[in-house]
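K.L.:
Dropping the structure in here first, questions after.
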Amino acid sequence: MRWTERTWPLALLALGIAGLLASLVLNAVVVAPNRLLTGHGYVSIAIPTLRWLPLAWLVVLATSRLPAAAGLAAAMSVLSALLLATGLAAAGLLAAAGEHARVQLGAGFWCMVTAAVLLVADRLRELKARPYLRLACWTGLALLVVAMAATGVFARLSVVQEFALQRTRFITAVGQHLLLAFAAAAAAVALGAPLAMAVAQRQGGRGATLAVLNLVQTIPSMALFALLVAPLAWLGVGGTGNAPALVALTAYALLPVVRYTLAGLATAPPAALDAARGMGLQPWQVLTRVQLPLGLPVFAAGLRIVLVQSIGLAAVAALVGAGGLGRFVFLGLGQGANDLVMLGTLAIIVLALAADGACRALERWMEPRA
């Protein structure tokens, strides 16, 4: 179908309209007298540096019927310009504010950034871009953000100022968070993969195993962390700290590990299994030489789910003294400091997205070549 015959794509229209409304109605930034007090919000059209945003979103809407390459260029341009202009706007607003004033990012900014990122992702999908092209686009945007940060464009934003104050503790927390999440994922794979292999050989135990693991998933994360404190203290392992956090995260990760392992083992065609048995291979040889190699892409998908889930849930581990980025989230909530909450939350999101992207690349690498 030629682009002149295309209908208006509903998803692109919805994202463009969402960005337009956010630029007109929602606060792009909030100027607060200090890091704790509530400030005054400003919509985009009230700030000289951001007044062009409604027009930019109208352009994005106009490109909805254009070829994907044109829409991709428009979305990436709006996203890049939005980040640059917001950083410059913060510097301008603080020039007329008090000594301890902070410029916080408002709901309008986050809505526009989210809409622009989703537009970029949708356009890349529509282009049926090869993995290297997707990687090039996202890497280019990331390098652009890093370059802006290096030149001090974002230095006057409150979340960046909070990072400067918490730099040492933040870096330590990132290390703790990653160590806890990866240790839980590794423990879940070490326990769940053999369990799934054993269950696959005995179909009668599959339902009971999945039922128990599903039951664990229904327990709220905060409740499970709390429930583990007393038993682990009685065992002498430690009622608080890394022990209950690791046990809880591993328990939550077992279900996706078992499910995806079973799904991966089931990907082997019956003809391949019959041929392997006909060659005289033992059951364990069929498993290691046929089922496991053919199921590798599915196993990688399960690993992606486990890692992303563990990185997200590790934030709750701060409640039992395990450290990590959740410490900033809960400390900020307790103090009413939104900048601290945002600092921890953004870091967790970035780590989860990085893990997701790395595992997706691993999945593509493991896919069988034609």
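K.L.:
Looking only at residues that are under 23 Å from Gly192 (Cβ atoms) and at pLDDT below 75 in segment 226-237, which one is least open to solvent (accessible area, probe 1.4 Å)?
P.N.:
Filtering segment 226-237 for residues that are under 23 Å from Gly192 (Cβ atoms) and at pLDDT below 75, the one least open to solvent (accessible area, probe 1.4 Å) comes out as Leu232.
K.L.:
Within the group Arg123, Arg134, which residue is open to solvent by 60 Å² or more (accessible area, probe 1.4 Å) and among the basic types (Lys, Arg)?
P.N.:
Just one listed residue meets the conditions, Arg134.
K.L.:
Which of the residues spanning segment 192-222 are open to solvent by less than 80 Å² (accessible area, probe 1.4 Å) and of a type in the set (S, T, N, Q)?
P.N.:
Thr209, Asn214, Gln217, Ser221
K.L.:
Which condition from (1) in contact with a helix residue (DSSP H, G or I) (Cβ under 8 Å, 6 or more places away or on another chain); (2) small (Gly, Ala, Ser); (3) open to solvent by less than 20 Å² (accessible area, probe 1.4 Å); (4) within 23 Å of Val29 (Cβ to Cβ) is the one that Ala68 breaks?
P.N.:
Only one criterion is unmet by Ala68, namely (4).
K.L.:
Which condition number in (1) out of contact with any helix residue (DSSP H, G or I) (no Cβ under 9 Å at 6 or more places or on another chain); (2) closer than 29 Å to Gln161 by Cβ is the one that Leu10 fails?
P.N.:
(2)
K.L.:
Let me ask you something else. Quick one: how many residues across segment 27-59 are open to solvent by less than 10 Å² (accessible area, probe 1.4 Å) and either at pLDDT 90 or above or out of contact with any Ser or Thr (no Cβ under 8 Å at 6 or more places or on another chain) (or both)?
P.N.:
The qualifying residues number 7.
K.L.:
So Ala129 ticks every box in (1) open to solvent by less than 80 Å² (accessible area, probe 1.4 Å); (2) modelled with pLDDT under 85; (3) assigned to a helix (DSSP H, G or I); (4) not polar (S, T, N, Q) but one. Which box is left unticked?
P.N.:
(3)
The values are calculated or read from the model by the stated rules, or taken from the named source; none is laboratory data. A quick note: this is a predicted structure, and the numbers were derived from the prediction, not measured. No Cβ is skipped: glycine too gets one built from the backbone with ideal geometry, and neighbour counts run over all protein chains shown. Side chains included, ligands, DNA and RNA excluded: accessible areas come from the protein's heavy atoms. Shrake-Rupley method; radii C 1.70, N 1.55, O 1.52, S 1.80 Å.
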